[in-house]
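Readers should treat all values here as calculations from the given coordinates under stated rules, not as data from a laboratory. Just so it is clear, the model here is predicted, and its values are computed rather than measured. As a convention, Cβ positions derive from the backbone with ideal geometry for all residues, glycine included, and neighbour counts pool all protein chains shown.
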Amino acid sequence: MDVPVVAPTAERLLQWYHQMVLIRRVEEMAAKAYTLRKIKGFCHLYIGQEAVAVGAMAALEPRDTVVTSYREHGHILARGATPREVLAELFAKRTGMSHGVGGSMHMSRADLNFFGGYGIVGAHVPLAAGAAFASQYRGDGAVSLCFFGDGAAHQGAFFEALALAQLWKLPAVFLCENNFYAMGTSLERQSYLTDMSRRGDGVGMKRWQFHGFDVVEVASNVQAAVDHARSGEGPVIIEAITYRYRGHSMSDPAKYRAEGELEGMKKSDCLLLAESRLLALGVDPSEFERVRDEVEAIAKDAYDFAEASPEPDPATLYDYTWAPSS
Ligand SMILES: Cc1ncc(C[n+]2csc(CCOP(=O)(O)OP(=O)(O)O)c2C)c(N)n1
Ligand SMILES: [Mg+2]
């Protein structure tokens, strides 16, 4: 699919680069904290896929809604959450964005129209369709963006959401992050189709596939999809080809990959691609160092903040379970 190319200024591209470096560094800090047992429970890192979150969020307006799965630390940072509240949530501290009682898979911020963070594979896709229905019903012009994995594209709830979204021409963009694995199962072993955007064919939905390592390519493709959905012509399903560098979760050493596969993928690392684009725009390479230093300070501050923050008060244990009765 030929999409209009978004051409960011050097300044804008530098901001995207900054966001990608920040996501990576915060995730690396999370990995370190996990091995030190400062973070417990589930923790799914996003390292390698940063260009997808950053490029996609760049195509959204504040009124648009976002729903995603459990690999969401990068998405919510790209949407505007602070590293402090993300790391504090991972550390299960009171200052975390979900008051320390949600953890890795349950990050959300209603003021950013970011509605999670879900642990049940594929179950969040109907929620995104619901958000799109609400926007259509209210006529507020917002688009609902849903991130999901290649593995989620086999779930019944996913198909049902697609069918209704297409029937009602909902303003939704379904963005598959195909990272070639669902837990330890490779794409070819889990799916006859390896172009997951073709899932849209069954319901007649507009669809296409694109490379997800280049943040500019992601921004261009998601922008085209969002514009289509916002125009009232109906939803779109798009697929970003990407790759996760780490195991599925912190307990997965990822031994199921072919030798050299990871190293091969790292040659098109999103940070490297962004750097070469920045150089082509005349940005001095010393800027990369400056960004990395700046990010290092922000991430370290967030880590220290998370570590020093108090744990949730046990008296608040049920506070976020039920809506308060009036
Ligand atoms: C309904 C359901 N089935 C199984 C699981 C266990 N599970 C957690 S993640 C996952 C793989 C999903 O892979 P994918 O959708 O490709 O996302 P990725 O982890 O690659 O981001 C599975 C099977 C689950 N959480 N929910
Ligand atoms: Mg996957």
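Things to note:
- Local electrostatic count at LEU278 - Lys and Arg +1, Asp and Glu -1, tallied over other residues with Cβ under 10 Å: -2
- For the stretch 241-277 versus the stretch 1-42, the inter-centroid distance based on Cα atoms is 14 Å.
- The residue list THR68, LEU162, PRO235 was ranked by how far each Cα lies along the charge dipole of the chain toward its positive end, using unit charges on Cβ atoms, and LEU162 comes out on top.
- Using only the C-alpha atoms, the convex hull of the stretch 232-298 corresponds to 214 Å³ per residue.
- Cα gyration tensor category, rounded, prolate or oblate, for the stretch 49-150 with a/c compared to 1.5: prolate
- Pairs of C-alpha atoms in the stretch 10-316 farther apart than 37 Å represent 12 percent of all such pairs.
- Within the stretch 191-255, trypsin sites (Lys or Arg not before Pro) in DSSP loop having at most 13 other beta-carbon neighbours inside 10 Å: LYS255
- Highest-fluctuation residue, GLY204, GLY122, GLY102 considered, GNM on the chain with Cα pairs under 10 Å: GLY204
- Using the average count of surrounding beta-carbon atoms within 10 Å as a protection proxy, the listed peptides 302-314, 35-47 rank, highest first, as 35-47, 302-314.
- Listed by Cβ neighbour count within 10 Å, with the fewest neighbours leading, VAL3, VAL218, VAL226 appear as VAL3, VAL226, VAL218.
- Considering only SER220, TYR256, PRO4, and ranking their Cα positions along the charge dipole of the chain that arises from unit charges at the beta-carbon of Lys, Arg, Asp and Glu, the one farthest toward the positive end is TYR256.
- Among beta bridges that DSSP assigns inside the stretch 10-316, antiparallel share in %, nearest 5: 10
- Packing here is the average count of other Cβ atoms within 10 Å per residue, and on that basis the peptides 315-323, 189-197, highest first, run 189-197, 315-323.
- Exposure proxy shown here: for GLU85, GLU160, the number of other Cβ atoms within 10 Å sets the order, fewest to most, as GLU160, GLU85.
- Shape category assigned to the stretch 132-287 from the gyration tensor of Cα positions, a/c cut at 1.5: oblate
- Whether the stretch 101-161 is rounded, prolate or oblate, judged on the alpha carbon gyration tensor where a/c under 1.5 counts as rounded: oblate
- Lys, Arg +1 and Asp, Glu -1 on Cβ, resulting dipole of the chain about Cα centre, debye, nearest 20: 600
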